[in-house]
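Only the coordinates and a few stated rules stand behind these numbers; no lab work does. Given the structure is predicted, the values throughout are model-derived calculations rather than measurements. We place every Cβ from the backbone using ideal geometry, glycine too, and count neighbours over all the protein chains shown.
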Amino acid sequence: MDQTITFVFTIIFLLESFWEVRLFSQLQLLATQKPANIPPRFVKVMRLERRWNWMSWILIILLFLTSSRFTILLVSLITLIETYVVWRMDNMKSNMIGE
């Protein structure tokens, strides 16, 4: 059962990672096209994304170094934080397009 949950969360994380890269590119493009319409929270969201990018790699490396009993916990944590970061970036994109 743990292997199935870990597998599903890993697939979700990978899909969200591709979506995150796509959102990052779109946000950078929107910021360069309309620099006057950048919301104040834009910098915070982009900083969160950059920090999370480094932290996720550290957690992934820890995932390989720790014992298997912590695997589901780390994968769940990584997926949860990735979901939050993608959600913030998607909201920022919606706000920038709507303005």
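Calculate the dipole size of the range 2-98 relative to its Cα centre from +1 charges on Lys and Arg beta carbons and -1 charges on Asp and Glu beta carbons; express the result in debye to the nearest 20.
Numbers: 10 positive and 6 negative charges, 90 e Å.
About 440 debye.
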For this session: Select one label from [x] 14, 31, 23, 17, 11, 3, 1; [y] 14, 51, 29, 5, 1, 0; [z] 15, 43, 25, 13, 4, 0: the one whose number is P(r) over Cα pairs in 10 Å bins from 0, in percent as derived from the coordinates shown.
Result: [z]
For this session: Taking the dipole about the Cα centre of the chain, with the C-beta of Lys and Arg at +1 and of Asp and Glu at -1, give me whichever of Asn95, Pro40, Ser56 is farthest to the positive side.
Result: Pro40
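Taking Cα pairs under 8 Å and at least six residues apart, what relative contact order does the chain come out at, in percent? If you can, show how the numbers build up before the last one.
On the way: 57 pairs, mean separation 52.3, N = 99.
Normalised by residue count, the contact order of the chain is 53 percent.
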Exercise. Hey, fewest Cβ within 10 Å first, where do Lys93, Lys34 land in order?
Worked result: Lys34, Lys93
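How do Arg51, Arg69 line up, fewest other C-beta atoms within 10 Å first? Walk me through the numbers before you get to the answer.
Details: Arg51 11, Arg69 8.
Exposure proxy ranking, most exposed first: Arg69, Arg51.
With n ≥ 4 as the cut-off for DSSP H runs, can you work out [θ] at 222 nm for the chain, using -39500 (n - 2.57) per run divided by the number of residues, rounded to the nearest 500? Don't skip to the answer; put the middle values down first.
Working: 3 runs with 84 residues, N = 99.
It comes out at -30500 deg cm²/dmol, rounded to the nearest 500.
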Seminar exercise, completed: Going residue by residue through the range 85-92, the Karplus relation 6.51 cos²θ - 1.76 cosθ + 1.60 with θ = phi - 60° gives ³J(HN,Hα) values, rounded to whole Hz and with x marking Gly or Pro, of 5, 5, 4, 4, 5, 5, 4, 5
Exercise. What is the Cα centroid distance between the range 1-51 and the range 77-99, reported in whole angstrom?
Worked result: 6
